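Enquirer: Let me give you the structure first, and then I'll get to my questions.
The values are calculated or read from the model by the stated rules, or taken from the named source; none is laboratory data. All of these numbers come straight from a predicted model, not from anything done at the bench. In this analysis, Cβ positions are derived from the backbone assuming ideal geometry, glycine residues included, and neighbour counts consider all displayed protein chains. We work out accessible area using only protein heavy atoms, side chains counted, and drop any ligands, DNA or RNA first. Shrake-Rupley method; radii C 1.70, N 1.55, O 1.52, S 1.80 Å.
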Amino acid sequence: MTNTKTNTTQVYIINGSPRKNWNTAKMCESFKKGVTDAGLKAEIINLYDLNYKGCYSCFACKVRNGKSYGKCNYPDELKEVLEKVSNSEGLILASHIYFGEVTAQMRAFMERLLFPVYFYDEAGSKIPPKKLETAIIYTMNVKHDRFNAWFVGTDKSGPLGLFEKWIEMTYEKPEILCAYDTLQFGDYSKYVADVWDVEEKKKHNEEEFPKELESAYKAGVKMAERIKGKLN
Ligand SMILES: Cc1cc2nc3c(=O)[nH]c(=O)nc-3n(C[C@H](O)[C@H](O)[C@H](O)COP(=O)(O)O)c2cc1C
């Protein structure tokens, strides 16, 4: 690669799920491979490894002429991640679904990422952050129809619809990548989880999950190509 900018480009994949070898983590790895195969650098950051909380309401990001104006500089383990993301070109937010929403860790990350750039004014204007390329990865027990009806909602009025709107209002429109009807346990017989048809789940996992991983890979390639197009 000749362009030095692309040699230092980072795409950050923020994994808001705790398990490092399961569905969400695999979707993150696939996306990362797509980005790196297309020639850019990508890193996965596991939120569960970090010691941080959501917005502390310190309002340092809103102090007139303050040195942290428009930025979250709260000194915990998210500070460096937020700095890295703000200097990157692409942001992927990955979470499995907990009670119809993203995980608490992802929600806390989002508060710290977005609150500093929004003004308290009637227009809801913002300090324009860099227009990062974005994607969102969700994994879940439910199937496609329930995901849309229950969690995204009509006109994005559901909890995940609102989450997506905030990302879209701040950055480039996110590509949405999903793994549905995931395998949750290695051995279902050990757990009280009779609601699931285990054979059907296993079949879905064998037939559909590889396709979902492939979609994440392709989205990674496409994102990297868009970023290279912007930089050249
Ligand atoms: C506390 C908790 C709440 C969950 N809530 C939902 C839910 O509301 N809807 C859903 O489809 N799946 C739900 N799930 C299932 C997970 O989203 C699903 O198993 C996911 O694939 C797990 O991701 P992982 O394999 O990366 O750990 C829940 C799981 C847990 C542990």
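Enquirer: Just how far, in whole angstrom, is the stretch 103-127 from the stretch 177-231 if you go by their alpha carbon centroids?
Expert: Computed from Cα coordinates, the inter-centre distance equals 29 Å.
Enquirer: Oh, and also: Can you tell which of A104, A219, A25 shows the greatest fluctuation in a Gaussian network model of the chain with Cα springs below 10 Å?
Expert: A104
Enquirer: Also, I was wondering about something else. Taking the Cβ of K71 as the center, what net charge do the other residues with Cβ under 15 Å away carry, scoring Lys and Arg +1 and Asp and Glu -1?
Expert: So the surrounding residues net to +4.
Enquirer: Compute a Gaussian network model of the chain, connecting alpha carbons closer than 10 Å, and tell me which residue from G186, G220, G39 fluctuates the most.
Expert: G186
Enquirer: Which of these, E172, E80, E200, has the largest mean-square fluctuation under a Gaussian network model of the chain (Cα springs below 10 Å)?
Expert: E200
Enquirer: Here is a follow-up. Say R0 is 45 Å: what FRET efficiency, to the nearest 0.05, do N87 and D197 get from their beta-carbon distance?
Expert: Plugging the Cβ-Cβ distance into 1/(1 + (r/R0)^6) gives 0.45.
Enquirer: Only Lys, Arg, Asp and Glu count, each charged at its Cβ (+1, +1, -1, -1), so figure out the dipole size of the stretch 8-86 about its Cα centre, rounded to 20 debye.
Expert: 240
Enquirer: With charges only on Cβ, +1 for K and R and -1 for D and E, what is the dipole size of the chain about its Cα centre, in debye, rounded to 20?
Expert: With only Lys, Arg, Asp and Glu charged at Cβ, the dipole is about 980 debye.
Enquirer: Give me the 1.4 Å probe accessible area per residue for the chain, excluding ligands and nucleic acids, in Å².
Expert: 54
Enquirer: Report the antiparallel proportion of the DSSP beta bridges in the stretch 83-189 as a percent, rounded to a multiple of 5.
Expert: Counting DSSP beta bridges with both partners in the stretch 83-189, the antiparallel share is about 15 percent.
Enquirer: By average Cβ neighbour count within 10 Å, what is the ranking of 129-141, 48-60 from highest down?
Expert: Per-residue Cβ counts within 10 Å, averaged per peptide and sorted highest first, yield 129-141, 48-60.
Enquirer: To check you understand DSSP bridge types, tell me what percent of the beta bridges within the chain (both residues inside) are antiparallel, rounded to 5.
Expert: If I count the DSSP bridges inside the chain, around 10 percent turn out antiparallel.
Enquirer: Net charge around K218, counting only other residues with Cβ within less than 12 Å of its Cβ (Lys, Arg = +1; Asp, Glu = -1)?
Expert: Overall, the nearby charge balance is -2.
Enquirer: Out of N205, P128, A25, whose Cα points farthest toward the positive end of the dipole of the chain (charges: +1 Lys, Arg; -1 Asp, Glu; placed on Cβ)?
Expert: The residue sitting most towards the positive pole is P128.
Enquirer: Let me ask you something else. Name the residue farthest towards the positive end of the dipole of the chain from the options G229, F99, A60, assuming +1 on Cβ of Lys and Arg, -1 on Cβ of Asp and Glu, about the Cα centre.
Expert: A60
Enquirer: Still on this model: Tell me the carbon and sulfur percent of the accessible area for the chain, rounded to whole percent, probe radius 1.4 Å.
Expert: Looking at the chain in its full context, I get 52 percent from C and S.
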